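Below you'll find the structure, written out as structure tokens, and then a few comments.
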Amino acid sequence: MQQFGPPEVMVWVDGPVPARGDDEVLVAVEAIGVNFADTMVRRGEYRRDQSLDFTPGFEVAGRVLDAPQDGPAPGSTVLVFTEMGGGYADTVVAARDHVFSVADGLSAVDAAALFTQGVTAWYAVHRYGRVAAGESVLVHAGAGGLGGLCIQLAAEQGARTIATASTPEKLAVAREHGAAETLVSDPETLTQAVRDATAGRGADVVLDGVGGPLFAPSMRALAFGGRYVVVGSASQEPATLDVRALMPRGQTVCGFVVARVAEEDPAEPQRAFDEVQQRVLDGRLRPRVTVMGAEDIGRAHELIESRSLTGKIVLDLGAAEH
């Protein structure tokens with residue numbers, strides 16, 4: 001990018017192949033996962049000190065070209081978590097602890113569709129939401145890639161999922177993911193609608209990737225002893241919390257990002273990624289994926305920003321030359 005702005009500021013350019021350090025892995029990129037954060041990078045909104053040489057892209061998958069002797073084998077397919085950006089490229093280099101194995105039977109496109117949203121959904125449902133059988137789980141943006149996976153994972157636990165979305169078409173997608181009930185994401189009616197759907201109890205767990213205007217009514221709809229898990233902020237709007245309300249109702253509110261979990265536990269996120277991959281192979285988890293060519297990167301950003309997208313977008317670098 002030469003400037004921040006609309007999708008058309010992004011152009012593919014030629015550059016040198018990055019050099020591999022002693023504890024790094026060089027990977028030929030075959031697929032790029034496209035996320036909402038990428039659009040923020042493009043607009044210059046991802047971080048306060050962001051410069052124009054900060055390339056978007058936080059997850060890629062491809063074939064190992066070169067690695068340390070005890071690293072992944074050359075030729076093997078891996079997922080690279082490009083935590084500091086730089087994933088919009090046909091070759092990347094990354095620290096070995098940011099390179100994760102891909103299960104046999106899954107392609108680079110499959111892996112790029114699963115990592116960020118799949119691992120986040122796994123942590124939201126299992127690590128932080130602690131979803132149990134018989135509980136009611138409210139999932140916002142149930143037609144999105146992350147929301148859809150949260151619905152499926154919560155349902156697998158035996159929970160009853162209630163999903164929100166903005167249009168009838170998206171509500172239908174949430175039901176395809178397994179939502180037992182769907183609600184229009186209207187802040188004015190949300191609290192009462194959730195209470196009605198749970199016989200007055202409220203949701204035992206809220207998995208919120210939207211925030212902003214949905215936060216307060218969702219908190220009011222949280223049951224006694226409920227867990228509120230913040231997994232994103234697609235609204236890009238602030239929300240406030242009166243913590244005094246947590247005490248008499250025994251509620252908890254938490255948020256997380258995958259990178260910090262990995263820092264605390266060296267076995268993560270490979271362990272969670274393995275769980276997600278196995279469920280895809282078994283047919284228990286069915287991600288909704290739109291595959292596009294590298295030349296469609298601008299269109300991919302437009303779809304994400306228009307809120308018309310359902311599921312995940314992956315760029316297949318083998319689909320077209322750029």
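Here, each number is a calculation from the coordinates, and none is a lab measurement. Since the model is a prediction, treat every value here as computed from it, not as a measurement. Methodologically, a virtual Cβ is constructed for each residue, glycine included, from the backbone with ideal geometry; neighbour enumeration extends over all protein chains shown.
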Discussion item. Suppose each label sits 7 Å from its Cα in the direction of the beta carbon; what would the Gln236-Ser166 distance come out to in nanometres?
Written reply: 1.2 nm
Item to complete: Classify the range 110-196 as rounded, prolate or oblate, taking a ≥ b ≥ c as the square roots of the eigenvalues of its Cα gyration tensor: rounded when a/c is under 1.5, otherwise prolate if a/b is larger than b/c and oblate if not.
Response: oblate
Worksheet item: Residue separation times 0.36 nm, minus the C-alpha to C-alpha distance between Gln2 and Ala199: what's the value?
Response: 65.4 nm
Item to complete: Using R₀ = 41 Å, calculate the FRET efficiency as 1/(1 + (r/R₀)^6) where r is the Cβ-Cβ separation of Leu281 and Arg244; round to 0.05.
Response: 0.30
Discussion item. From the mean inverse distance of alpha carbon pairs (Kirkwood) and the Cα radius of gyration, derive Rg over Rh for the range 43-119.
Written reply: 1.00
Response to the item:
Compactness check, the chain: C-alpha Rg relative to the 2.2 N^0.38 Å globular estimate gives 1.00
Worksheet item: What FRET efficiency, computed as 1/(1 + (r/R0)^6) with R0 = 41 Å and r the Cβ-Cβ distance, is obtained for Thr290 and Asp23, rounded to the nearest 0.05?
Response: 0.70
Worksheet item: Between Thr189 and Arg127, what length in nm is gained on full extension when 0.36 nm per residue of separation is reduced by their alpha carbon distance?
Response: 19.3 nm
Discussion item. With Kirkwood's inverse mean 1/r over C-alpha pairs for Rh, give me the Rg to Rh ratio of the range 132-256, two decimals please.
Written reply: 0.93
Worksheet item: Once every DSSP H run of n ≥ 4 in the chain is given -39500 (n - 2.57) and the sum is divided by its residues, what mean residue ellipticity at 222 nm do you get, rounded to the nearest 500 deg cm²/dmol?
Response: -8000 deg cm²/dmol
